[in-house]
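Down below is the structure, laid out as structure tokens.
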Amino acid sequence: MTIFETERLVVREWTESPGDLERAYDIYRRPETNRWLKSPTLPLTAPEEAAVMLRRWHDRFAAYGDRYGLWAIEVRESGLVVGTVMIKPLPGPDESVLTDDIEVGWHLHPDAQGKGYATEAAGTAMRREFAAGTAAIFAVVTPGNTASMAVARRLGMTPVGLHRDWYGGTELETFVATARDFS
């Protein structure tokens, strides 16, 4: 299911098609991707783990319809999935409980970085979420991830320092944008 489109991209649900499973595995098995994610379920170490991860993402946000999720970023011209963009409630200090704070995020295959895909997909996702009534959206970045911090700045997000409010209290560089910033 398509969530939204941009000039170059189709942002859609990840599927359990062989192509999506192979690409998800390729993205999330890589040290270059996982270096910054700090997830206990990553890196993926076997292809079958991709299906488990994608099902977990879908199940976690299914109750929200297409408002929140982690979605595939597909290049319209080639059909190649280059990564993931997300809009979702941030998990709090107890990671099993979601907060009212909304996160925008992105994970790209190393071959797709530097082409503006993250900025294009995340910017459109943010405009869509602001149109749904959200007042503020956060990007949280592992300290040292200068590439993701640059994307947040290109999106017009304001750095607000290190915070430990989400993801189990992990210290994260935090950026915020408000609906007013995007009007």
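The values are calculated or read from the model by the stated rules, or taken from the named source; none is laboratory data. What you see is a predicted model, and the numbers here were worked out from it, not measured in a lab. Glycine also receives a Cβ, built like all others from the backbone with ideal geometry; neighbour counts cover every protein chain displayed. SASA here: full protein model, heavy atoms, side chains in, ligands and nucleic acids out. Shrake-Rupley method; radii C 1.70, N 1.55, O 1.52, S 1.80 Å.
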Selection over region 44-56 where residues are under 14 Å from ILE27 (Cβ atoms), part of a helix (DSSP H, G or I) and open to solvent by 40 Å² or more (accessible area, probe 1.4 Å) yields a count of 1
Every residue from region 135-168 that is over 23 Å from GLU32 (Cβ atoms), open to solvent by 20 Å² or more (accessible area, probe 1.4 Å) and either assigned to a helix (DSSP H, G or I) or not acidic (Asp, Glu) (or both): ALA135, ALA136, PHE138, GLY156, THR158, PRO159, VAL160, GLY161, LEU162, HIS163, ARG164, GLY168
State whether one or more residues within region 84-93 are free of Cβ contacts under 8 Å to residues at least 60 places away in the same chain, open to solvent by less than 20 Å² (accessible area, probe 1.4 Å), aliphatic (A, V, I, L, M) and outside any strand (DSSP E or B). no
Top-ranked residue in region 99-117 [being charged (D, E, K, R) and assigned to a strand (DSSP E or B); ranked as surrounded by the fewest Cβ atoms within 10 Å (Cβ to Cβ)]: ASP100
Condition broken by SER96, with the remaining ones in (1) farther than 18 Å from TRP14 by Cβ; (2) without any contact (Cβ under 8 Å) to a residue 60 or more places away in the chain; (3) in a strand (DSSP E or B) satisfied: (3)
Out of GLU171, GLU120, report the one residue that is open to solvent by 30 Å² or more (accessible area, probe 1.4 Å) and in contact with a Lys or Arg (Cβ under 6 Å, 6 or more places away or on another chain). GLU171
Can you tell me which residue in region 145-163 is farthest from the chain's Cα centre (by Cα), limited to those that are in contact (Cβ under 8 Å) with a residue 40 or more places away in the chain and more than 12 Å from VAL176 (Cα to Cα)? ASN145
The one condition in (1) open to solvent by 80 Å² or more (accessible area, probe 1.4 Å); (2) at positive phi that GLY65 fails to fulfil: (1)
SER39 passes all but one of the listed conditions (1) open to solvent by less than 80 Å² (accessible area, probe 1.4 Å); (2) touching a residue at least 12 places away in the same chain (Cβ under 8 Å); (3) of a type in the set (Ser, Thr, Tyr); (4) not in a strand (DSSP E or B); the exception is number (2)
Just the residues that are closer than 18 Å to ALA24 by Cα and either of a type in the set (A, V, I, L, M, F, W, C) or in contact (Cβ under 8 Å) with a residue 60 or more places away in the chain (or both), please, taken from region 99-109. TRP106, HIS107, LEU108, HIS109
What's the number of the condition ARG12 fails, among (1) open to solvent by 40 Å² or more (accessible area, probe 1.4 Å); (2) under 14 Å from the mean Cα position of the chain (by Cα)? (1)
